[in-house]
Amino acid sequence: MARDHLLSQRPWESPETTSWQRLPMNAVDRRAGALPLDGSWHFQLLPSPNSSSGDWTRLDVPGAWTMQSADDLPQYTNVRMPFGDFPPHSPAANPTGVHERSVDIPAEWAGRRVVLQVGAAESVLLVQVNGRPVGISKDSHLAAEFDLSDVVRPGDPATVRLTVVKWSDASHIEDQDQWWHAGITRSVLLYATDPLHLADVTVRARQDGRLRVDCTVRDAGGPLPEGWYVTAALDGQLLVQDTEFDRLNAEDMRVSDFLGEARLRTTVQDVRPWTAETPHLYGLTVRLHRADGSVADTSHHRVGFRDVEIRGRDLLVNGERVYIRGVNRHDFHPLTGRTVTADDMRADLTVLKRFGFNAVRTSHYPNDPTLYDLADELGLYVVDEADIESHDHAHEIADDPRYLAAFVDRVSRMVLRDKNHPSIIVWSLGNESDYGANHDAAAGWVRRHDPTRPIQYEGAAKTGWADRSVASDIACPMYAPIEDCVAHARSGKQTKPLIQCEYSHAMGNSNGTLADTWAAIESTPGLQGGFIWEFWDHGILQRVNDGRPAGRGGAGLYDNGVTAPGHRWAYGGDFGETIHDGAFIADGVVFPDRTPKPVMYEHREIAGPVRLTYDEGVLRVHNRQHFRGLEWLAAEWRLVRADGTSQSLPAELPAVQPGESAAVPLPFPLPEPAAGEAWLTLRVTTADDEAWAPLGTEVCVPQVRLSAAVTDAPPEPADGPAVTLDEDALLVHPLLTSAPVLSLWRAPTDNDELGGMAARWHDWGLDALVREVVDVRDEGSRVVVLSEYATGAGPVRHEQVFTPVTGGIRVEESAELPAGLDDVARVGTVFETVPGLDVLDWYGQGPWESYPDRSAGAPVGHHSLPVDELFTPYLRPQESGGRHGVRRFTLSAPDATGLAVELGAPGQVSVNRYRAEDLAAAAHHDELVPRPGCVVHLDAAHRGLGTASCGPDTSAGYLVAAGPHRWEWTLRVL
């Protein structure tokens with residue numbers, strides 16, 4: 001009967017029902033001293049909520065059943081719902097998981113209030129204990145608590161049954177760009193309190209040291225007993241009762257028999273304020289006492305003193321305008337899906353701190369509670385986002401009164417849970433849910449309950465960034481072209497800070513123009529940054545043989561972004577789904593195993609605390625922080641010369657205040673101009689252990705050029721290897737298995753595909769160029785070959801001039817692109833080498849991958865890597881592994897034999913084991929077969945990466961245009 005009672009309400013199709021018998025959300029952390037119920041549970045998966053009982057098996061809790069080899073597997077959609085039913089309806093085929101276990105209720109809990117906490121359940125939770133209905137909850141990313149005091153008996157066992165219905169009316173407002181899972185994804189626990197207990201604690205700590213603590217007190221047994229009182233201490237400093245608050249409550253007749261309120265205050269002298277750069281925390285202990293002085297309940301909090309305000313068009317933290325160098329982050333793990341541990345989250349935030357990020361947006365729901373503790377501790381600003389996204393049906397739901405309670409419930413519960421975290425500086429009402437009365441209602445609740453923080457919601461700004469909306473204090477567009485942002489800031493119409501909630505979409509080989517974007521932000525008052533989309537590539541480790549998630553047993557089957565044989569990173573469609581959005585789930589700045597992608601080094605340099613400038617002979621060190629000096633950093637000077645020599649010596653960083661700079665003497669004598677190119681690099685590291693990095697961790701490597709390259713005349717013809725051409729007028733060389741030919745195409749990146757460029761290149765035939773020899777001339781000291789390539793936009797004329805020079809062959813090339821080829825992938829040369837040349841040494845930018853519009857984080861130097869480590873394993877194979885600004889390189893075997901190439905001008909070079917067509921034909925890396933030799937591209941021009949998979953394409957200056965292109969290179973044998 002109990003189960004029938006819960007089912008008869010059909011709560012999965014009733015948006016007005018947000019819960020039943022669920023306790024109010026609060027900010028009292030009960031994890032300490034609780035009885036954990038995590039572990040192996042009995043489990044059965046039913047085809048629908050009304051199905052009869054099925055076969056029992058075992059399942060790990062917390063853990064989505066979609067990740068534990070159940071018959072219901074993960075599915076990825078971005079905008080589309082995975083079923084066709086309109087809100088608030090759900091499909092008849094509705095997987096329902098029944099979780100059950102027995103627990104011994106401690107005998108010492110006799111006379112106490114017993115509470116069950118379910119950390120998260122997707123998407124509707126039905127709770128029974130000992131066969132009795134206990135409650136219902138929705139909101140897949142916040143905890144639900146239920147009072148079991150009348151259901152269980154201390155000293156006796158109890159049977160807990162948690163039934164989770166996958167699809168519901170709530171699914172329509174949880175339509176986030178992520179995997180659809182189902183199950184119990186956060187910890188389950190029992191805890192006990194005295195009947196007289198702290199029902200909530202609200203902490204407000206100001207930058208100037210003022211501290212106010214508001215407590216709500218209740219008694220589970222009925223009316224509050226006489227004489228209760230509350231005390232609190234902050235690191236030993238006692239707070240005092242706010243008697244004026246008590247007096248006003250009494251005068252206004254706000255005192256009741258069942259609800260107690262107390263307010264305590266103090267002022268901390270010489271307070272150390274909290275910021276993301278200086279995350280100082282104080283320990284607060286709040287105690288609830290009975291009339292006899294005994295302690296009935298205790299609550300512990302970590303307090304950060306800080307202020308957040310918007311003044312004009314600036315967002316201020318402690319009175320300072322701060323840049324928001326943020327990233328969007330999901331709770332994600334490649335083995336468990338949505339279930340993450342404290343160690344997982346610490347590793348996430350540690351990586352972000354090491355690469356210069358100072359902010360996180362919890363896209364698109366409240367994250368695991370531990371994340372906020374860690375953000376407080378490590379120092380990250382947080383935009384806390386409610387679990388609301390109705391993407392597929394956004395317009396209909398925004399004003400639907402049936403969903404009004406759900407909007408307010410989800411936003412208010414998030415605020416109630418998280419309000420005491422200093423790291424949270426902005427509340428977000430959700431994501432991609434249009435804009436309607438439901439948002440205004442939720443915003444009104446927040447403004448009344450927490451006036452200390454601003455609110456943002458991107459949908460409220462769609463009618464204009466300058467509009468004053470009750471639902472957004474910040475103009476927070478997504479993927480707005482930086483030119484539009486600058487124009488708005490300069491228009492005179494800007495009324496509030498402009499901080500993009502999403503920008504620089506990180507899908508595949510992406511994040512082009514990031515440095516240009518930040519140059520515009522930093523030079524334009526009114527622009528304050530944004531949040532890159534996103535942190536993770538959400539690849540799930542999948543067994544290839546049966547197509548199932550590898551599960552928790554897959555640990556150790558991946559490293560440095562690469563999976564072990566027999567496994568791959570799965571994305572949309574890989575679990576047999578017919579409705580999916582493919583690799584759009586793989587759009588993070590780290591791989592699924594948290595290995596940083598090359599863009600992380602770009603961001604690290606852009607966001608680095610130290611910068612260098614060298615202008616008119618003056619070298620300056622700049623402190624780019626907001627609150628901190630440079631004393632926490634150590635540094636080393638490095639001078640790199642084009643001739644391969646370098647020097648190093650310790651650097652003493654000047655005492656520079658935040659936002660200021662100081663001139664410093666050149667650490668080395670200025671190289672003579674005739675000596676050629678020279679670069680000065682400052683390698684900046686942590687001087688001591690930080691909470692997020694041990695001593696010696698590299699923080700940034702700013703670099704300036706001290707002297708330019710000397711322009712040498714090309715080498716004169718000299719005795720060298722004879723130029724030999726085959727019957728197709730292609731160069732024959734002992735180290736090449738495929739002769740150098742023209743290349744205008746690259747294996748499309750995700751941006752190329754979704755931005756439409758790949759289709760255009762295919763229509764032009766650039767991926768299958770057919771060469772026709774027009775003329776071959778032997779001019780004595782050189783051989784000239786003129787070819788023509790037919791394309792859908794007209795012929796491309798290509799000339800190669802081969803000249804013997806000392807020790808090698810100089811190749812001069814030109815290509816004339818017709819006007820119709822106004823945007824190609826590259827113009828350059830491609831050839832293939834014999835096997836055995838396995839190490840690349842180069843002088844240019846590196847050591848990590850770089851491209852014309854993503855190269856600020858790759859300093860010029862002398863670099864060396866095995867060829868097999870040059871390739872970047874983006875989840876969907878595509879153009880990758882390029883190095884920008886290469887002047888020369890060698891490809892060598894272990895015995896140091898091989899070839900050397902010198903470019904006439906710095907160019908884009910890539911060396912890997914795959915032809916472009918190999919990469920374009922593969923959906924996953926396990927489908928790729930490395931070629932025995934190396935495929936080498938020498939590009940005179942290479943198209944920028946941009947972010948056109950979702951957002952602006954690269955800037956015009958990084959396009960490869962029609963017209964003449966010329967380049968030259970010299971090939972020698974080592």
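Data overview
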| quantity | calculated |
| --- | --- |
| Conditions (1) assigned to a loop (DSSP other than H, G, I, E, B); (2) assigned by TED's automatic domain parsing to the domain that holds residue 965; (3) touching a residue at least 24 places away in the same chain (Cβ under 8 Å); (4) not charged (D, E, K, R): number failed by residue 827 | (1) |
| Of all residues making up region 547-579, the number that are surrounded by fewer than 21 Cβ atoms within 10 Å (Cβ to Cβ) and assigned to a loop (DSSP other than H, G, I, E, B) | 15 |
| Subset of region 799-826 that is under 33 Å from the mean Cα position of the chain (by Cα) and of a type outside the set (Gly, Ala, Ser) - its residue that is surrounded by the fewest Cβ atoms within 10 Å (Cβ to Cβ) | 823 |
| Qualifying strands (runs of 3 or more DSSP E) (wholly inside region 634-730; at least 1 residues being within 17 Å of residue 617 (Cβ to Cβ)) | 661-664, 678-686, 703-707 |
| Members of region 393-438 found to be more than 23 Å from the chain's Cα centre (by Cα) and closer than 20 Å to residue 497 by Cα, listed by number | 435 |
| Of all residues making up region 945-965, the number that are assigned to a loop (DSSP other than H, G, I, E, B), surrounded by 21 or more Cβ atoms within 10 Å (Cβ to Cβ) and in contact with a strand residue (DSSP E or B) (Cβ under 7 Å, 6 or more places away or on another chain) | 2 |
| Every residue from region 743-771 that is surrounded by 19 or more Cβ atoms within 10 Å (Cβ to Cβ), of a type in the set (A, V, I, L, M), closer than 25 Å to residue 796 by Cα and in contact (Cβ under 8 Å) with a residue 12 or more places away in the chain | 744, 747, 757, 766 |
| Residues that are among the acidic types (Asp, Glu), in a loop (DSSP other than H, G, I, E, B) and in contact (Cβ under 8 Å) with a residue 24 or more places away in the chain, drawn from region 134-163 | 139, 156 |
| Among (1) among the polar types (S, T, N, Q); (2) without any contact (Cβ under 8 Å) to a residue 60 or more places away in the chain; (3) closer than 30 Å to residue 177 by Cβ, the one test that residue 910 misses | (3) |
| Residue that is in contact with a Ser or Thr (Cβ under 7 Å, 6 or more places away or on another chain), β-branched (Val, Ile, Thr) and modelled with pLDDT of 95 or more, where the choices are 513, 524 | 513 |
| Given (1) under 16 Å from residue 534 (Cβ atoms); (2) part of a helix (DSSP H, G or I); (3) not small (Gly, Ala, Ser), index of the condition residue 511 fails | (2) |
| Exclusive hit being touching a residue at least 12 places away in the same chain (Cβ under 8 Å) and either surrounded by fewer than 24 Cβ atoms within 10 Å (Cβ to Cβ) or touching a Ser or Thr at 6+ places or on another chain (Cβ under 6 Å) (or both), set 426, 411, 382 | 382 |
| Leading residue by the ranking (modelled with the highest pLDDT) among those in region 40-67 that are part of a loop (DSSP other than H, G, I, E, B) and crowded, with 20+ Cβ neighbours inside 10 Å | 62 |
| Hits in region 258-282 - residues which are over 38 Å from the mean Cα position of the chain (by Cα) and either within 23 Å of residue 692 (Cβ to Cβ) or buried (at least 16 other Cβ atoms within 10 Å of the Cβ) (or both) | 260, 261, 262, 263, 264, 265, 266 |
| Candidate set from region 777-813 (those that are part of a strand (DSSP E or B) and acidic (Asp, Glu)); member that is nearest to residue 973 (Cα to Cα) | 812 |
| Condition met for residue 122 (touching a strand residue (DSSP E or B) at 6+ places or on another chain (Cβ under 8 Å), modelled with pLDDT of 95 or more, within 23 Å of residue 367 (Cβ to Cβ) and outside the structural domain of residue 337 (by TED's automatic domain parsing)) | yes |
| Total residues in region 185-210, condition β-branched (Val, Ile, Thr) and in contact with a Ser or Thr (Cβ under 9 Å, 6 or more places away or on another chain) | 3 |
| Residues within region 230-245 that are under 13 Å from residue 286 (Cβ atoms) and in contact with a Leu (Cβ under 8 Å, 6 or more places away or on another chain), tallied | 7 |
| Residues of region 211-253 classified as part of a strand (DSSP E or B) and either loosely packed, with under 14 Cβ neighbours inside 10 Å or not basic (Lys, Arg) (or both), total | 17 |
| Wholly within region 164-210, strands (runs of 3 or more DSSP E) carrying at least 2 residues that are polar (S, T, N, Q) and closer than 18 Å to residue 119 by Cα | 183-193 |
| First in region 232-259 and without any contact (Cβ under 8 Å) to a residue 24 or more places away in the chain, second anywhere and assigned to a loop (DSSP other than H, G, I, E, B), Cβ under 7 Å, 6 or more apart | 249/255 |
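For (1) surrounded by fewer than 19 Cβ atoms within 10 Å (Cβ to Cβ); (2) under 25 Å from residue 777 (Cα atoms); (3) at pLDDT 95 or above; (4) assigned by TED's automatic domain parsing to the domain that holds residue 353, each residue gets a yes or a no:
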position: 683; (1), (2), (3), (4): yes, no, yes, no
position: 694; (1), (2), (3), (4): yes, no, yes, no
position: 711; (1), (2), (3), (4): yes, no, no, no
position: 714; (1), (2), (3), (4): yes, yes, no, no
position: 732; (1), (2), (3), (4): yes, yes, yes, no
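The values are calculated or read from the model by the stated rules, or taken from the named source; none is laboratory data. Since we're looking at a predicted model, the values are computed, not measured. Positions of Cβ are backbone-derived with ideal geometry, glycine not excepted, and every protein chain shown enters the neighbour counts.
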